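To keep things clear, I will list the structure first and then write my remarks on it.
Since every read-out is calculated from the coordinates, none of them should be taken as a lab result. Predicted model, so just to flag it, every value in this text is computed and none were measured. Every residue, glycine as well, gets a Cβ built from its backbone with ideal geometry; the counts of neighbours run over all protein chains shown.
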Amino acid sequence: MSKVTWKPGTLMAPVPPALISCAHNGKDNLITIAWTGILNSEPAKTYISVRKERFSYNLIKESGEFVINMPTSHIIRSVDFCGVRSGKDLDKFEACRLTREKASKVSCPMVAESPVSIECKVTEVVPLGTHDMFIADIVAVHIDEQYIDEKGKFHPEKCSFAAYAHGQYFALGKKIGSFGYSVKKKKK
Ligand SMILES: Cc1cc2nc3c(=O)[nH]c(=O)nc-3n(C[C@H](O)[C@H](O)[C@H](O)COP(=O)(O)O)c2cc1C
């Protein structure tokens, strides 16, 4: 294998093009955020990095809350739309025909069409340069019951999760292993 060296950049992929819902002072909005991930297990902590010029920035900063709605191939067109149009000009829930669903611990709505919605409360805002990183506690997680089996096991492989890599969207779905399978002893 021969690798070409590029200048340092944000090439790490895939990442989830998450659909973030937020609200403040009676106005809610949706923004697509690819710069997100898990920061810590216990307490469960996440982050989103948002540019100050986004309409959503102040909604998140002022309310200290947001919901991460995981993207799927079913809603990927809306995910893209919410990443190229601003809530200062239109209501993205209406424009994408997405359904507001009441959250349990935060005031902003969740997206009903997303199979996994993660409620978050901001604990810290870290200015990094182009983006401010909102570090947040995960305060509730909601999973569509159709992806949980009778034993209570969650089946992410059935969710049609979508991924983002270098400007393109991809559908995930084929399970190719599970945690620790490489060292698991075969049943005799
Ligand atoms: C796939 C994708 C990923 C994006 N990731 C981010 C991100 O991580 N941070 C950010 O500030 N903007 C990101 N954007 C841009 C915003 O989603 C976009 O500017 C949006 O229109 C802002 O909406 P608002 O003005 O309603 O807040 C992304 C856009 C797309 C399409």
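Within the range 64-76, does at least one residue satisfy the condition of being of a type in the set (Asp, Glu) and crowded, with 17+ Cβ neighbours inside 10 Å?
Let us first name the residues in the range 64-76 that are of a type in the set (Asp, Glu), namely 65.
Subset that is crowded, with 17+ Cβ neighbours inside 10 Å: 65.
Yes, the range 64-76 contains at least one residue that is of a type in the set (Asp, Glu) and crowded, with 17+ Cβ neighbours inside 10 Å.
Take the residues of the range 159-188 that are surrounded by 10 or more Cβ atoms within 10 Å (Cβ to Cβ) and of a type in the set (A, V, I, L, M, F, W, C): which is farthest from ASP144 (Cα to Cα)?
So, considering only residues that are surrounded by 10 or more Cβ atoms within 10 Å (Cβ to Cβ) and of a type in the set (A, V, I, L, M, F, W, C), the one farthest from ASP144 (Cα to Cα) is ALA165.
Can you tell me which residue within the range 85-122, out of those that are within 11 Å of the ligand (Cβ to nearest atom) and touching a residue at least 24 places away in the same chain (Cβ under 8 Å), is farthest from ASN40 (Cα to Cα)?
For the range 85-122, the residue satisfying everything is LYS88.
Quick check: is even one residue across the range 135-143 among the acidic types (Asp, Glu), closer than 25 Å to LEU39 by Cα and surrounded by fewer than 13 Cβ atoms within 10 Å (Cβ to Cβ)?
Start the filter on the range 135-143 by keeping residues that are among the acidic types (Asp, Glu), which leaves 137.
Pick out the ones that are also closer than 25 Å to LEU39 by Cα and you get 137.
Of the ones still in play, those that are also surrounded by fewer than 13 Cβ atoms within 10 Å (Cβ to Cβ) are none.
Within the range 135-143 (the criterion being among the acidic types (Asp, Glu), closer than 25 Å to LEU39 by Cα and surrounded by fewer than 13 Cβ atoms within 10 Å (Cβ to Cβ)), the answer is no, since none of the residues qualifies.
Which of the following residues is among the small types (Gly, Ala, Ser) and under 23 Å from ALA171 (Cβ atoms): ALA103, ALA23, ALA13, ALA44?
ALA13
Are there strands (runs of 3 or more DSSP E) fully within the range 22-73 with at least 2 residues that are near the ligand (Cβ under 9 Å from one of its atoms)? List them.
Filter on the range 22-73 gives 27-33, 45-51.
Anything in the range 97-106 that is more than 17 Å from the chain's Cα centre (by Cα) and surrounded by 13 or more Cβ atoms within 10 Å (Cβ to Cβ)? List them, or say none.
LYS105
May I ask you to verify whether GLU150 is under 23 Å from ALA44 (Cβ atoms) and away from the ligand (no atom under 14 Å from the Cβ)?
No, not satisfied.
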